[in-house]
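The values are calculated or read from the model by the stated rules, or taken from the named source; none is laboratory data. Everything numeric in this text was worked out from a predicted model, so none of it was measured. All Cβ positions, glycine included, derive from the backbone under ideal geometry; neighbour counts span all protein chains shown. Only protein heavy atoms, including side chains, enter the accessible area calculation; ligands, DNA and RNA are left aside. Shrake-Rupley method; radii C 1.70, N 1.55, O 1.52, S 1.80 Å.
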Amino acid sequence: MDIKALEKAALSVRALSIDAIQKANSGHPGLPLGAAELGAILYGEILRHDPGCPAWPDRDRFILSAGHGSMFLYALLHMCGYKDMTLDDIKNFRQIGSPAAGHPEYGMAAGVEATSGPLGQGIAMAVGFAAAETMLAARFNTAQRAIIDHYTYVLCGDGCLMEGVCAEASSFAGHHALGKLIVFYDSNRITIDGSTDIAFTEDVAKRYEAYGWQVLRGSMYDFEEIARLTAQAKAETDKPSLIILESIIGKGAPNKQNTADVHGAPLGADEAAAARAALGIPGDFFIAPEAADYFSAKQAAWKEERESWQSLFDSWSRENPEKRKEWDEFHNGKAAPAAMPVFNQGEAIATRAAGSKALAAIASANANLAGGSADLKNPNAVGLPADAGTWNRQNRAGRYIHFGIREFAMAAICNGISLHGGLRSFCATFMVFSDYLRPAIRLSALMQQPVVYVLTHDSIFVGEDGPTHQPIEHLASLRIMPNLCVLRPADAEETAEAWAMAMERTDGPTALALSRQNLTVFPKADPDWKNTIRTGAYIAKQALPSDLGADAMADLVIIATGSEVGLALEAAAKATDKKIQVVSMISRELFESQPQAIRDVIVPPGARVIVCEAGVRSGWERWAKVEDILSIERFGESGPAAKVADHLGMNAAALLEIINSEKI
Ligand SMILES: Cc1ncc(C[n+]2csc(CCOP(=O)(O)OP(=O)(O)O)c2C)c(N)n1
């Protein structure tokens, strides 16, 4: 280990960070200055990576959970030679289009493994990366050749460790013995408001020991010690490791270091000049020649290491053609078509139960699908076929994950599994608790990860569990999230299509809203509905037989979703004096994104539109007049489902009343 070169690399992290943040007049110098030594040794000595081939599947992963310290990552990626992070990009830190974005953004530059910044989620995603590594290793490694064998490293700060999601995920990681997860804790005892003494005095080490982690301690500024602790962390194969590194926030800024001032604001011209002088930084955007030489000398070894993996992989491929075929299927980014279940018209089955059959078919066809529920395996109906097995410390090849009652971490872990590559992930809970998942769903959407969220018990028809368990505003609140596809199937047949649609997605998450109660499989007027539904809506019932031509045009279109499609069909059957077309709108956002001509076929212009959905009306006003929307604008009630529905006026009688409220 060339300590002198590492010191120069750390100096260069500081220099680039000071200048980029100063130039942008925005950013967080505290972390990159305070943890520069870790960055140097991590990227120079610890990480197994090849900047020339950043997508190498068996590379070590590094997640900067404390994403505000993004210049730490950008400076190191640049110095290591990652092509996506040029010096010009760094000079454009925090400017539109620069991969050196405010916080690390997945997809903007190779080497950024996850979007981070929402504190705590980075650690939780890293747990997913580490879990994914065990799954792939168990499936693909042979006694002779370990083609998957890498570590997941994290850098977090006080903020991450205060967040609840970090506790959930760390508890999960300890329980599941994720020994190849190594978290460095930048323990500088400063956050935005000042010293951690004001709000965070727990014994983090004891907490992590209680989670079942190995806890190690050292100094941020002792390379030998960091190397030794990392080796110790690697040697402990049954426990994740937390390496607590005592540090000084903003180290090197002579007047501001060790204060909250240096956490999240540029040093300012005077302090920047003082820091440069104190550190011996001779120029702007300085990279010490010794550091540049050090990293350029590393390239050959990095390349060699990756090439030796490649030859290992090639030998493994020759010896295991079946496994290789499966490897390619895992990594081609496409879901395999599944033999989907068939349902009979008139059959009464809850869409969660239908979803279970669809999931089983998909899981059988796609061995790379893994996931589970937050302790609601049976209520959510997301058990996998027995041969998929349960993932745990004894069976890393298992695919069903018991997340425990840790919804937020569950979703973040699923993001990590998906980001790792090679696997698809899903997770499930009651829809009302989608609020607990939300910050991670948002990251799925932002990072374009095709995680499937199975949200059952999707309305007041939950019944007896009452208002705490009855979603009201949830559909509306999920729909407003960009790049989240919300699908609310109306019966078992639609549910199978919804699952297929979720698996077809490659660039974003899907939320499946599924019913607790039985719904009757209904005949569909549109013979091509399995295709049409992919526009977001189709005609479930025509106004009149279509051979009547223009006469078949509807006077009235009822748009309904999920369980309320059945209700709309019931009301329409009773309103015999009107020509009513019933539309099942499985996804309002998807439908709204269609060209006008497609929308006009489903909802003819000029027709009166009534909307029916067991949730708040928000967003439906653009489809119908407020008085023509049957919705629920209050919290629910505890009671048998049918009685709750009657009590809240969510029934066919109420819909008929709206239908008849206007003479046509
Ligand atoms: C969930 C979440 N809450 C709040 C913030 C805003 N925030 C960014 S950094 C920070 C303080 C973090 O302190 P620490 O982890 O100790 O970082 P350091 O001061 O050492 O850089 C806060 C509150 C955030 N990014 N994410």
Just to verify a result, which residue in region 260-302, among those that are under 34 Å from the mean Cα position of the chain (by Cα), in a loop (DSSP other than H, G, I, E, B) and surrounded by fewer than 20 Cβ atoms within 10 Å (Cβ to Cβ), is nearest to the ligand (Cβ to nearest atom)? Gly264
Which numbered condition Met108 fails, given (1) over 25 Å from Asn395 (Cβ atoms); (2) crowded, with 21+ Cβ neighbours inside 10 Å; (3) away from the ligand (no atom under 16 Å from the Cβ): (2)
Region 430-458 residues that are outside any helix (DSSP H, G or I), paired with ones that are basic (Lys, Arg) (beta carbon under 7 Å, 6 or more apart): Pro450/Arg424; Pro450/Arg505; Thr456/Arg352; Thr456/Arg516; His457/Arg516; Asp458/Arg488
For the subset of region 494-550 comprising residues that are in a loop (DSSP other than H, G, I, E, B) and of a type in the set (Ser, Thr, Tyr), which member is surrounded by the most Cβ atoms within 10 Å (Cβ to Cβ)? Ser515
Return the residues of region 167-179 that are among the hydrophobic types (A, V, I, L, M, F, W, C), under 21 Å from Lys234 (Cα atoms) and within 16 Å of the ligand (Cβ to nearest atom); say none if nothing qualifies. Ala169
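For every residue, the table says whether it meets (1) under 28 Å from Asp84 (Cβ atoms); (2) open to solvent by 10 Å² or more (accessible area, probe 1.4 Å); (3) under 18 Å from the mean Cα position of the chain (by Cα).
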position	(1), (2), (3)
Gly122	yes, no, yes
Val127	yes, no, yes
Ala138	no, yes, no
Gln144	no, yes, no
Asp149	yes, yes, no
Cys166	no, no, yes
His175	no, yes, no
Leu178	no, no, no
Can you pull out the residues in region 1-28 that are more than 16 Å from the ligand (Cβ to nearest atom) and of a type in the set (Val, Ile, Thr)? Ile3
Taking region 208-235, which residues are among the charged types (D, E, K, R) and either assigned to a loop (DSSP other than H, G, I, E, B) or touching a residue at least 12 places away in the same chain (Cβ under 8 Å) (or both)? Arg217, Asp222, Glu224, Lys234
In this structure, is Asp203 under 27 Å from Phe408 (Cβ atoms), within 14 Å of the ligand (Cβ to nearest atom), among the acidic types (Asp, Glu) and modelled with pLDDT of 95 or more? no
Checked region 151-164 for anything under 18 Å from Thr230 (Cα atoms) and either open to solvent by 10 Å² or more (accessible area, probe 1.4 Å) or near the ligand (Cβ under 8 Å from one of its atoms) (or both); matches are Tyr151, Cys156, Gly157
If I ask for residues that are closer than 19 Å to Leu487 by Cα, out of contact with any strand residue (DSSP E or B) (no Cβ under 7 Å at 6 or more places or on another chain) and of a type in the set (S, T, N, Q), which ones from region 351-375 would you list? Ser356
For region 572-588, give me each residue that is part of a helix (DSSP H, G or I) and in contact with a Leu (Cβ under 8 Å, 6 or more places away or on another chain). Lys574
Go through region 65-104 and count every residue that is within 16 Å of the ligand (Cβ to nearest atom), open to solvent by 10 Å² or more (accessible area, probe 1.4 Å), in contact (Cβ under 8 Å) with a residue 40 or more places away in the chain and in a loop (DSSP other than H, G, I, E, B). 2
Scan region 127-134 and tell me whether some residue there is within 30 Å of Asp293 (Cβ to Cβ) and outside any loop (DSSP other than H, G, I, E, B). no
Looking at region 319-353, which of its residues are in a loop (DSSP other than H, G, I, E, B) and free of Cβ contacts under 8 Å to residues at least 12 places away in the same chain? Asn332, Val342
Taking the residues in region 180-199 that are away from the ligand (no atom under 12 Å from the Cβ) and surrounded by 21 or more Cβ atoms within 10 Å (Cβ to Cβ) as candidates, determine which candidate is nearest to His28 (Cα to Cα). Phe184
With respect to Glu113, determine if the residue is open to solvent by 10 Å² or more (accessible area, probe 1.4 Å), within 15 Å of the ligand (Cβ to nearest atom), under 25 Å from the mean Cα position of the chain (by Cα) and at pLDDT 95 or above. no
Given the conditions (1) under 20 Å from Ile405 (Cα atoms); (2) in contact (Cβ under 8 Å) with a residue 60 or more places away in the chain, every one holds for Ala490 apart from (1)
Within region 594-630, tally of residues that are of a type in the set (A, V, I, L, M), assigned to a strand (DSSP E or B) and open to solvent by 10 Å² or more (accessible area, probe 1.4 Å): 3
Residue in region 408-420 that is more than 19 Å from Phe129 (Cβ to Cβ) and open to solvent by 10 Å² or more (accessible area, probe 1.4 Å) present: no
Among the residues of region 29-49, are any within 16 Å of the ligand (Cβ to nearest atom), in contact with an Asp or Glu (Cβ under 9 Å, 6 or more places away or on another chain) and of a type in the set (Asp, Glu)? yes
For region 462-485, what are the residues that are open to solvent by less than 30 Å² (accessible area, probe 1.4 Å) and part of a helix (DSSP H, G or I)? Val462, His474, Leu475, Ala476, Ser477, Leu478, Arg479
Taking only region 226-257 into account, find how many residues are within 11 Å of the ligand (Cβ to nearest atom) and surrounded by fewer than 23 Cβ atoms within 10 Å (Cβ to Cβ). 1
Can you tell which of Leu423, Leu519, Leu475 is more than 16 Å from the ligand (Cβ to nearest atom), among the aliphatic types (A, V, I, L, M), touching a helix residue (DSSP H, G or I) at 6+ places or on another chain (Cβ under 6 Å) and under 26 Å from Asn531 (Cβ atoms)? Leu519
